[in-house]
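Everything on this sheet refers to the single structure shown next.
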Ligand code: GLU
């Protein structure tokens, strides 16, 4: 049982699910599944002001959307306050922690003043030396008190599974507060207690926490508890090389969901953002990722988030889908954009499947359906500006108008017959087929490019194609 891999994620509910937290979750989950271990979900919600049930849902929804399941939890730190207090008391009893009655504002002022002088500042342990009578006095006066950890005078070192040997001198570590004056523990204490009580074997988390690790190891040592292994994941940077944040517009996992990204593509992309299978393989299934995942191949240098690459990968996933699956997964977007009503989706399923097959290659995200293929569904689509300039001239309009009556006689109205009609018309008029094909596409779709024109026209339907061409021709004449 001792050797069992047990990992956890410990998100703080801050209102949105950062892509970095999603990747941390993913790597923990891969590692747990690869090793037949357990994946624990713990919500670090002791900051009551900043946490809410709604924010917790954001995290749970994000994990579920990615398909990450957990074996234990969610455990909520806010429900375990007395457990942490018990450990704080053990530290006090052992002489490893002490009460501090200093006014936080005074300390902050000292810190600021030192900062201005460009000097380092650390709490100077003035309350450690308080006599028992002075302490009693403060207690009687009900001076708010916190509990500080007495950092032992010994260097800490450990071997990070990503960054190698890490050493920190004790003198660089301040006597950290472990219990606030309101009785709520701070992050480091609660984290250490939970990692122990939840039997965590490997702590895999973002590198932002690497400076906390020596403090946590010292706390574990003071409590005579075993120390887990640590792996700190590189940061995810935006393209400007600063830490990926809301400012980049790419930091929120659920934003990708809204934009019509596939969870499996996001998962695949995130998996490779800081880790590689050791070869050039990019499109990897969840099963393969779990099989291949290895902490040893995490790249310690920070990773740059490449939105275009993610979009490309998403497009690849869409392209690989069956028409049926695409149809199903596009449905919420078709409804949201009002392209079809629910009963129409059912009634026109065969037609919709054909549209899906035709446009698959062109969708980078599900939400693209509106801009890339809206003309299959609605009449009030926009015409691309460039195309208007190119095709709105008397000569082209004349060619188009001439073709109207030919198209009207096409029977059966299918791609093959439409193509034949176009070619016959071009031949009879002594013009190249392109001179009809391009304006024809533009008048029927508003676009200069797209899937096969004849298949498109078949799916748009004869009546609508004729109407659209007529409208285009008449529009030009009016101007
Ligand atoms: N609550 C911390 C965070 O969201 C977790 C740190 C940890 O994994 O220890 O960053």
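The values are calculated or read from the model by the stated rules, or taken from the named source; none is laboratory data. Small disclaimer: the values here were computed from a predicted structure and weren't measured. FYI the Cβ positions are ideal-geometry reconstructions off the backbone, even for glycines, and counts take in every protein chain you see.
Listing for the model above:
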read-out: Enumerated strands (runs of 3 or more DSSP E) restricted to the range 127-196, each holding at least 3 residues that are touching a helix residue (DSSP H, G or I) at 6+ places or on another chain (Cβ under 6 Å); value: none
read-out: Residue in the range 296-310 that is within 15 Å of the ligand (Cβ to nearest atom), more than 30 Å from residue 331 (Cβ to Cβ) and in contact (Cβ under 8 Å) with a residue 12 or more places away in the chain present; value: no
read-out: Pairs where the first residue, in the range 330-352, is on the phi > 0 side of the Ramachandran plot and the second is surrounded by 15 or more Cβ atoms within 10 Å (Cβ to Cβ), C-beta under 9 Å, 6+ apart; value: 338/377
read-out: Answer residue from the range 206-237, given it is part of a strand (DSSP E or B) and over 19 Å from residue 156 (Cα atoms) and is farthest from the ligand (Cβ to nearest atom) among those; value: 237
read-out: Hits in the range 372-392 (condition: loosely packed, with under 15 Cβ neighbours inside 10 Å and either closer than 12 Å to residue 339 by Cβ or touching a strand residue (DSSP E or B) at 6+ places or on another chain (Cβ under 7 Å) (or both)); value: 378, 379, 380
read-out: Some residue of the range 67-83 being within 30 Å of residue 18 (Cα to Cα), touching a residue at least 12 places away in the same chain (Cβ under 8 Å), surrounded by 13 or more Cβ atoms within 10 Å (Cβ to Cβ) and touching a helix residue (DSSP H, G or I) at 6+ places or on another chain (Cβ under 6 Å); value: yes
read-out: The range 4-16 residues that are closer than 12 Å to residue 73 by Cα and near the ligand (Cβ under 7 Å from one of its atoms), paired with ones that are at pLDDT 90 or above and assigned to a loop (DSSP other than H, G, I, E, B) (beta carbon under 8 Å, 6 or more apart); value: 10/44
read-out: Among (1) at pLDDT 95 or above; (2) under 27 Å from residue 5 (Cα atoms); (3) out of contact with any strand residue (DSSP E or B) (no Cβ under 7 Å at 6 or more places or on another chain) - the single one residue 156 does not satisfy; value: (3)
read-out: Test for residue 252: is it farther than 30 Å from residue 126 by Cβ, at pLDDT below 95 and within 16 Å of the ligand (Cβ to nearest atom); value: yes
read-out: All positions within the range 36-66 that are more than 24 Å from residue 258 (Cα to Cα), surrounded by fewer than 18 Cβ atoms within 10 Å (Cβ to Cβ) and more than 13 Å from the ligand (Cβ to nearest atom); value: 36, 48, 49
read-out: So residue 462, is it in contact (Cβ under 8 Å) with a residue 40 or more places away in the chain and over 26 Å from residue 385 (Cβ atoms); value: yes
read-out: Out of 166, 173, 177, sole residue that is under 25 Å from residue 205 (Cβ atoms), within 16 Å of the ligand (Cβ to nearest atom) and surrounded by 17 or more Cβ atoms within 10 Å (Cβ to Cβ); value: 166
read-out: Selection count, the range 1-18, where residues are under 20 Å from residue 269 (Cα atoms) and crowded, with 24+ Cβ neighbours inside 10 Å; value: 2
read-out: Within the range 284-295, tally of residues that are surrounded by 13 or more Cβ atoms within 10 Å (Cβ to Cβ), without any contact (Cβ under 8 Å) to a residue 60 or more places away in the chain and under 18 Å from the mean Cα position of the chain (by Cα); value: 1
read-out: Set 240, 175: member being farther than 14 Å from residue 8 by Cα and free of Cβ contacts under 8 Å to residues at least 40 places away in the same chain; value: 240
read-out: Any hit, the range 46-64, residues being closer than 22 Å to residue 230 by Cβ, modelled with pLDDT under 95 and touching a strand residue (DSSP E or B) at 6+ places or on another chain (Cβ under 9 Å); value: yes
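The rows are residues; the columns are (1) more than 13 Å from residue 27 (Cβ to Cβ); (2) surrounded by fewer than 21 Cβ atoms within 10 Å (Cβ to Cβ).
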residue	(1), (2)
237	yes, yes
243	yes, yes
247	yes, yes
258	yes, yes
261	yes, no
270	no, no
277	yes, yes
282	yes, yes
